[in-house]
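Trainee: Attaching a single structure in structure tokens format; questions to follow.
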Amino acid sequence: MHIPELQPVLLPFLITTEHYFPGIQWQIRGDGLIFVNTIRDATKTGGLWLLMQDSDGKVAAAQGDIVSYARIVEIDWLSTDLIRVDIIVDSLGVISSTTPQHHHIKAKPLPLWRTEKIEPSTNLLAAKLKTLLLEHHHESNYKASTLASPPNAFEAGFDDPCWLCWRWLELLPLPLKTKQKLLRHSSPDVCLRYLKKIINQSDRLAQLLR
């Protein structure tokens, strides 16, 4: 589905405690009538909005909050107890209406971050992310395992500051308010500086990743 640029789009939505951003392919699992109907509706509309939920249950569902747009690649209805949905996250949106319509919500697509060159801070972000994935991607209880696949599948992205920011925002359990604030900026520059500061404070990074 091609989302009309800058025009609000009404799509079904799911609320997720794992936060996914552009450039990732992953699986979501669920069951129950609402989940089934949402996925069925998403196959008709071409995709769905993913709303971020914090660990304390707070959901970013207010007007102006950032959501992710995901398109469905494949659905496995029967193999396991839970329905498995393969998705690709292509873009972001900003909620333009806070009144759900039959479990659909309206959001306006946002232009993706762009960058013309690699910032010096990116080298540190890439090196640290590679190390984490190499050390922990086989551990199912480690948050980095949600990054979809082993590190060699990401090799092309390590040169892209935007891609690196999105991966770190998926990985780090930052407050929902912080993630939303960083994503609202029109470029990755603020996010790069923020992430570099955290990573330079190695004790703080270790605490966040526990």
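Trainee: What is the ratio of the Cα radius of gyration of region 44-88 to 2.2 N^0.38 Å, with N the residue count, to two decimals?
Mentor: In units of the 2.2 N^0.38 Å rule of thumb, it is 1.43.
Trainee: Students often forget the sequence filter, so: which lysines lie under 17 Å Cα-Cα from K197 once same-chain residues fewer than 8 apart are removed?
Mentor: Leaving aside lysines fewer than 8 places away in the same chain, those within reach of K197 are K128, K179, K181.
Trainee: Okay, moving on. Choose one of G46, W77, V89: the residue whose Cα lies farthest towards the positive end of the charge dipole of region 45-92 (beta-carbon charges +1 Lys, Arg; -1 Asp, Glu; about the Cα centre).
Mentor: G46
Trainee: Here's a follow-up. Can you quote the Å³ per residue value for the convex hull of the Cα atoms in region 27-101, rounded to an integer?
Mentor: About 110 Å³ per residue, rounded to a whole number.
Trainee: Another question, then. Could you give the alpha-carbon Rg of region 4-135 over 2.2 N^0.38 Å, rounded to two decimals?
Mentor: In units of the 2.2 N^0.38 Å rule of thumb, it is 1.16.
Trainee: Just to confirm a number: summing +1 for Lys and Arg and -1 for Asp and Glu over residues other than D76 whose beta-carbon lies under 9 angstrom from that of D76, what do you get?
Mentor: With Lys, Arg at +1 and Asp, Glu at -1, the neighbours total -1.
Trainee: With an 8 Å cut-off on Cα pairs and a minimum separation of 6 or more residues, tell me the relative contact order of region 1-78 in percent.
Mentor: Across region 1-78, relative contact order equals 36 percent.
Trainee: Taking only C-alpha pairs under 8 Å that are 6+ residues apart, what is the relative contact order of region 14-137 in percent?
Mentor: Reported relative contact order: 24 percent.
We did not get these values from a lab; they are worked out from the coordinates using the rules stated. Just so it is clear, the model here is predicted, and its values are computed rather than measured. Note that we place each Cβ from the backbone using ideal geometry, even for glycine, and neighbour counts take in every protein chain shown.
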